[in-house]
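Structure first, then comments.
The values are calculated or read from the model by the stated rules, or taken from the named source; none is laboratory data. Just so we're clear, the structure is a prediction, and the values are computed from it rather than from any experiment. Note that each Cβ is placed from the backbone with ideal geometry, even for glycine, and that neighbours are counted across all protein chains shown. Note: accessible area is taken over every heavy atom of the protein model, side chains too, but ligands, DNA and RNA are not part of it. Shrake-Rupley method; radii C 1.70, N 1.55, O 1.52, S 1.80 Å.
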Amino acid sequence: MPITPLILGTGRAGQAIAKSLACLKVMYPELDLEMPVWLERSALLVSERDKYEQPLLCIANPHGLHAASILEADRVRYPAILCEKPACVNLQELDFLRGVTSPTAVLHVYRQTWGIQKLKRMIKEGNFGDIISIEGRYWQASTAERALAKKVGAPSWKDDTRLSGEYDVYLDIATHWVDAVSFLFGEAPERISGWRSFINADSPHRDSHVQLTVHYPNSGRAFGSISKAVHGSTNHFEVNVLGSLLAATWKFEQPDEIFIGEGRDRRVLTRKESTQGSHNPPHHGMGWLEGYIEIIGNLIRHAFKGETHPYPELQETLRNLEPMLRAEWQ
């Protein structure tokens, strides 16, 4: 029986989902994926559900609409739900989402990359010894660029708190970084504290730069700098695992390499296998689509084929989001 993807949202995230579905259709014809159907933001999900035998709802509308879309899709029993991050933008929505039972994946794509998966295995095997800290950054330049250009035009949906929530950088991209670090630690944060800057912000609520200290059980700790205000940045996602025996650095811009430090010596660990995402060979990957392909494929296999494959599941995401939404700000 064919699976019909329904994509709610036509921005970059919706386009990334569509491209990933196209790859999966070519790579795995046995999944029986149909071409996606694009839904208007105002679409009635109950009506769309009745049109298809096996619909896969893909939520890529503005952040502030994610939770309501998930709840409605769960209420009318979509067999599988795929949602862009964040799953919700406030604690009230988070409480409602705890009752969702439909298989639901959240697109935290960085944890599905080879580098983060490899670091996870190394931690589990004890290669690092005692973990001192996990530190890193996620730097972009979009806010900095707009400030220099002094662009004036139609407001973004992110300027409307009803569509974006009360944050920009924090819930837009810091959620990716916290998810990756929590995946490495193997547990959700206990407490998060931090500081936010609004310099060059497009709207009063849109934080442009965030520093976070993330506390985990058993004295685990992470420190991150997350920003859209760093001039000259690309899409600089970086994780550094600092251990008593080794240190390791992985950067999204060099996704098939992990830099290992041991004492004063350095070496490079490179990807050899082609078993995740697009299955392209090392140094021929597809960027962030690698994570999209892996998550979407694993959700489909779980929800429609009865197979067990890992993906960022909604309830796990909520355990990471709750301390983020209760953060202590300086």
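Tabulated data for the structure shown
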read-out: Number of the exception - Tyr167 against (1) closer than 16 Å to Ser227 by Cβ; (2) surrounded by fewer than 17 Cβ atoms within 10 Å (Cβ to Cβ); value: (2)
read-out: Pairs with Cβ under 8 Å, 6+ apart, first in the range 33-60 and closer than 21 Å to Gln15 by Cβ and in a loop (DSSP other than H, G, I, E, B), second modelled with pLDDT of 95 or more and β-branched (Val, Ile, Thr); value: Glu34/Ile3; Glu34/Thr4; Pro36/Thr4; Pro36/Ile7; Pro36/Ile17; Ala60/Ile7; Ala60/Ile17
read-out: Extreme residue, most open to solvent (accessible area, probe 1.4 Å), among residues of the range 224-236 that are over 19 Å from Leu321 (Cβ atoms) and not small (Gly, Ala, Ser); value: His231
read-out: Number of the exception - Arg266 against (1) modelled with pLDDT under 95; (2) exposed (fewer than 13 other Cβ atoms within 10 Å of the Cβ); value: (1)
read-out: Test: residue in the range 99-115 that is of a type in the set (Lys, Arg), within 19 Å of Glu187 (Cβ to Cβ) and within 20 Å of the chain's Cα centre (by Cα); value: yes
read-out: Odd one out for Ser278, checked against (1) open to solvent by 20 Å² or more (accessible area, probe 1.4 Å); (2) part of a loop (DSSP other than H, G, I, E, B); (3) of a type in the set (Ser, Thr, Tyr); value: (1)
read-out: Top-ranked residue of the range 287-323 - restricted to ones that are touching a residue at least 40 places away in the same chain (Cβ under 8 Å) and part of a loop (DSSP other than H, G, I, E, B), ranked as most open to solvent (accessible area, probe 1.4 Å); value: Trp288
read-out: Residue count, the range 24-46 (criterion: open to solvent by 90 Å² or more (accessible area, probe 1.4 Å) and farther than 21 Å from Lys305 by Cα); value: 5
read-out: Exclusive hit being assigned to a loop (DSSP other than H, G, I, E, B) and of a type in the set (Gly, Ala, Ser), set Gly126, Gly115, Gly136; value: Gly126
read-out: Of the criteria (1) in contact (Cβ under 8 Å) with a residue 40 or more places away in the chain; (2) open to solvent by 10 Å² or more (accessible area, probe 1.4 Å), which one Asn218 fails; value: (1)
read-out: Condition check for Glu72: part of a helix (DSSP H, G or I), closer than 19 Å to Glu294 by Cβ and charged (D, E, K, R); value: no
read-out: Unique match (being more than 19 Å from Gly291 (Cβ to Cβ) and open to solvent by less than 10 Å² (accessible area, probe 1.4 Å)) among Ile7, Ile3; value: Ile3
read-out: Qualifying residues in the range 85-131 (those that are over 21 Å from Tyr167 (Cβ atoms) and in contact with a Ser or Thr (Cβ under 6 Å, 6 or more places away or on another chain)) - the one most open to solvent (accessible area, probe 1.4 Å); value: Asp130
read-out: Those residues of the range 146-185 which are assigned to a helix (DSSP H, G or I), of a type in the set (A, V, I, L, M) and either under 17 Å from Phe223 (Cβ atoms) or under 13 Å from the mean Cα position of the chain (by Cα) (or both), in sequence order; value: Val169, Leu171, Ala174, Val178, Ala180, Val181, Leu184
read-out: First in the range 87-104 and within 20 Å of Arg326 (Cα to Cα), second anywhere and modelled with pLDDT of 95 or more and in a strand (DSSP E or B), Cβ under 6 Å, 6 or more apart; value: Ala87/Val106
